[in-house]
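Heads up, the thing below is written out as structure tokens.
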Ligand SMILES: [Zn+2]
């Protein structure tokens, strides 16, 4: 089959498929960058290809879409059709996330997960607070942390 996509269309498709450069991710990283934080993006050599990496501080940050990674918050709406298919697919994502986190932790990395609901939508944390929360966590001794949307009851 001939390849009918232009390079830029292909990039767009790939980024959608891989869940990279999503709107919440771009919003978070531009806020952090603006605050003077410097990091690397999508480091493939690391388990789970973390979205942001602070190599000097050995910190990996994942920005997770609430639906794709089964956050359990209001943004995690189960599709009505093909329920079995979706639940199996999403469970696989969840297991993969957990495995990546464990591998990173056992290799001495600290891992922060920032959920989409903390960045966009009705439970979004004001962006300056978000930057502060990330900075606070980075300065803490916690090995593994999560930032969720305001008044979000979902855990991790
Ligand atoms: Zn969420």
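Within the group 103, 150, 52, which residue is at pLDDT 90 or above and within 23 Å of residue 21 (Cβ to Cβ)?
52
Those residues that are in contact (Cβ under 8 Å) with a residue 12 or more places away in the chain, farther than 14 Å from residue 31 by Cα and away from the ligand (no atom under 16 Å from the Cβ), I need them from the range 109-141; list them, please.
Correct list: 109, 110, 111, 137, 138.
Report yes if some residue within the range 7-21 is touching a helix residue (DSSP H, G or I) at 6+ places or on another chain (Cβ under 7 Å) and either modelled with pLDDT of 95 or more or assigned to a loop (DSSP other than H, G, I, E, B) (or both); otherwise report no.
yes
In the range 142-156, what residues are more than 11 Å from the ligand (Cβ to nearest atom) and crowded, with 18+ Cβ neighbours inside 10 Å?
The answer is 145, and nothing else.
Could you check how many residues of the range 75-91 are within 13 Å of the ligand (Cβ to nearest atom) and surrounded by fewer than 16 Cβ atoms within 10 Å (Cβ to Cβ)?
Total meeting the criteria: 1.
So how many residues does the range 103-120 have that are in contact with a strand residue (DSSP E or B) (Cβ under 8 Å, 6 or more places away or on another chain) and surrounded by 16 or more Cβ atoms within 10 Å (Cβ to Cβ)?
The total comes to 11.
Do we find a residue being touching a helix residue (DSSP H, G or I) at 6+ places or on another chain (Cβ under 9 Å) and more than 20 Å from residue 144 (Cβ to Cβ) anywhere in the range 43-65?
Checked the range 43-65: no residue is touching a helix residue (DSSP H, G or I) at 6+ places or on another chain (Cβ under 9 Å) and more than 20 Å from residue 144 (Cβ to Cβ).
Go through the range 48-66 and give me each residue that's assigned to a loop (DSSP other than H, G, I, E, B), within 16 Å of the ligand (Cβ to nearest atom) and touching a strand residue (DSSP E or B) at 6+ places or on another chain (Cβ under 7 Å).
If we filter the range 48-66 for residues that are assigned to a loop (DSSP other than H, G, I, E, B), which is where we start, we get 48-51, 58, 65-66.
Adding the requirement that they be within 16 Å of the ligand (Cβ to nearest atom) leaves 51, 65-66.
Of everything in the range 48-66, those that are assigned to a loop (DSSP other than H, G, I, E, B), within 16 Å of the ligand (Cβ to nearest atom) and touching a strand residue (DSSP E or B) at 6+ places or on another chain (Cβ under 7 Å) turn out to be 51, 66.
Please go through the range 121-135 and pick out each residue that is surrounded by 17 or more Cβ atoms within 10 Å (Cβ to Cβ) and assigned to a loop (DSSP other than H, G, I, E, B).
Listed by number, the residues that qualify are 123, 124, 125.
The values are calculated or read from the model by the stated rules, or taken from the named source; none is laboratory data. Because the structure is predicted, anything quoted here is derived from the model rather than measured. Reconstructed Cβ throughout: ideal geometry from the backbone, glycine too, with neighbour counts over all protein chains shown.
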